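Single-structure report; data block below.
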Amino acid sequence: MTLTTKHFGADIPKIGFGTWKLRDETAQMCVAKAIRLATG
Amino acid sequence: MIDTAQAYENETHVGRGIADSQTPRDDLWVTTKIWTSEFKDGDLQASLRKSLERLDLDHVDLVLLHWPNKDVSMEETFAALNDARSKGMTKHIGVSNFTVEQMGQAVKLSEAPILTNQVEYHPFINQTPVLEAAHALGMSVTAYSPLAQGQVFDDAVLKEIGEKYGKSPAQVTVRWFVQQPGVITIPRSSSPEHIAANNDVQDFELTAQEMGRITALNANHKRLIDPSWAPEWDTAA
Ligand SMILES: NC(=O)c1ccc[n+]([C@@H]2O[C@H](COP(=O)([O-])OP(=O)(O)OC[C@H]3O[C@@H](n4cnc5c(N)ncnc54)[C@H](OP(=O)(O)O)[C@@H]3O)[C@@H](O)[C@H]2O)c1
């Protein structure tokens, strides 16, 4: 289940994933992991 | 939801991670941010086009102005931002590091709604003025540096509450955000275990008293991100 908050008709996920300072393959791997966890 | 920015110089690899996840585009939320050097009409749209190329996406869900920039008029920047939206480059628009006064100006100047103000927010900073203004304007607040860049791990109150639920101080902090209406949080981690832990917060609920104890940790008001180009921040009464 994705928790969301609604503003102006948009359902925004309440938990996201920040990528500041993540570079190269680490950024790639962590983004894929974060998406799978949030949507899977 | 994935939060990146032109300034992070990682949009290409973020885009590859999005592709690797093999997740349908409609199930994803991707946010990027326009750097302040690109706030003029034409520059903003061209820079967002380049971000989309790096991300390998035909649109993002949300694009934010990364910091306010006094050198370019807000009228010009918000017209450009709305133009990018009307061209389909982003579904929604928002701001980051805006003061209460700037939030009000943004709402007045923008045709499309301002979905969020992304600001530093963790248990040790008092963001009451921004939270109240966002609520009054119908906007959300996105909490950046939500784990105070690691400082939550040593806090005695967060540790004690975590022990009760079998959760870490990071998980207690993420849960504290989840229970605040209209607040979004974007913890960062380079560790798959930590990423999983930060999403594993739906099997417990903080009591009103625990929520209050965590909020009270802001008594010393600690701001971690305050570069030379930052605006004159709002202070709580
Ligand atoms: N708009 C802006 O101006 C702005 C400014 C700053 C940040 N942001 C956004 O906000 C995001 C988050 O803020 P942030 O990157 O400053 O820091 P943060 O999320 O507050 O903290 C990140 C630190 O916490 C650690 N961590 C994360 N989860 C953990 C866990 N479960 N257990 C133990 N340690 C954990 C990470 O280490 P490990 O890697 O070892 O897990 C990392 O050192 C950024 O990535 C960026 O997307 C935006």
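The values are calculated or read from the model by the stated rules, or taken from the named source; none is laboratory data. Bear in mind that the values here come from a model prediction, so they are computed numbers and not experimental data. Here the Cβ positions follow ideal geometry from the backbone for every residue, glycine too, while neighbour counts run over all protein chains shown.
Okay, residues lined up against (1) more than 10 Å from every other protein chain (Cβ to nearest Cβ); (2) outside any loop (DSSP other than H, G, I, E, B); (3) farther than 19 Å from B:Ala219 by Cβ:
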site	(1), (2), (3)
B:Gln149	no, yes, yes
B:Val152	yes, yes, no
B:Glu160	yes, yes, no
B:Lys167	yes, no, yes
B:Pro181	no, no, yes
B:Ile184	no, yes, yes
B:Ile195	no, yes, yes
More than 7 Å from every other protein chain (Cβ to nearest Cβ) and either farther than 26 Å from B:Leu137 by Cβ or within 9 Å of the chain's Cα centre (by Cα) (or both): which single residue out of A:Gly16, A:Gly40 fits that description? A:Gly40
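Residues are listed down the side, and each one gets a yes or a no for (1) more than 12 Å from every other protein chain (Cβ to nearest Cβ); (2) surrounded by fewer than 16 Cβ atoms within 10 Å (Cβ to Cβ); (3) part of a strand (DSSP E or B):
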residue: B:Thr32; (1), (2), (3): no, no, yes
residue: B:Arg49; (1), (2), (3): yes, yes, no
residue: B:Asp71; (1), (2), (3): yes, yes, no
residue: B:Ala84; (1), (2), (3): yes, no, no
residue: B:Met103; (1), (2), (3): yes, no, no
residue: B:Thr116; (1), (2), (3): no, no, yes
Inter-residue pairs, beta-carbon under 8 Å, first farther than 16 Å from B:Gly15 by Cβ and among the hydroxyl-bearing types (Ser, Thr, Tyr) and in segment A:11-32, second modelled with pLDDT under 95 and within 9 Å of the ligand (Cβ to nearest atom), 6+ apart: none
Name the residues in segment B:180-199 that are within 6 Å of the ligand (Cβ to nearest atom) and of a type in the set (Ser, Thr, Tyr), would you? B:Ser189, B:Ser190, B:Ser191
Within 16 Å of the ligand (Cβ to nearest atom) and of a type in the set (A, V, I, L, M), is that true of B:Leu65? yes
Say we look at segment B:3-30 and pick out the residues that are charged (D, E, K, R) and under 20 Å from the mean Cα position of the chain (by Cα); which of these is surrounded by the most Cβ atoms within 10 Å (Cβ to Cβ)? B:Asp3
What's the total number of residues in segment B:122-135 that are over 14 Å from B:Pro187 (Cα atoms), within 15 Å of the ligand (Cβ to nearest atom) and in a loop (DSSP other than H, G, I, E, B)? 3
If only one of B:Gly162, B:Gly150, B:Gly166, B:Gly138 is within 10 Å of the ligand (Cβ to nearest atom) and either of a type in the set (Asp, Glu) or more than 24 Å from B:Leu52 (Cα to Cα) (or both), which one is it? B:Gly150
Checking B:Leu137 against (1) surrounded by fewer than 20 Cβ atoms within 10 Å (Cβ to Cβ); (2) away from chain A (no Cβ under 14 Å), which test does it fail? (2)
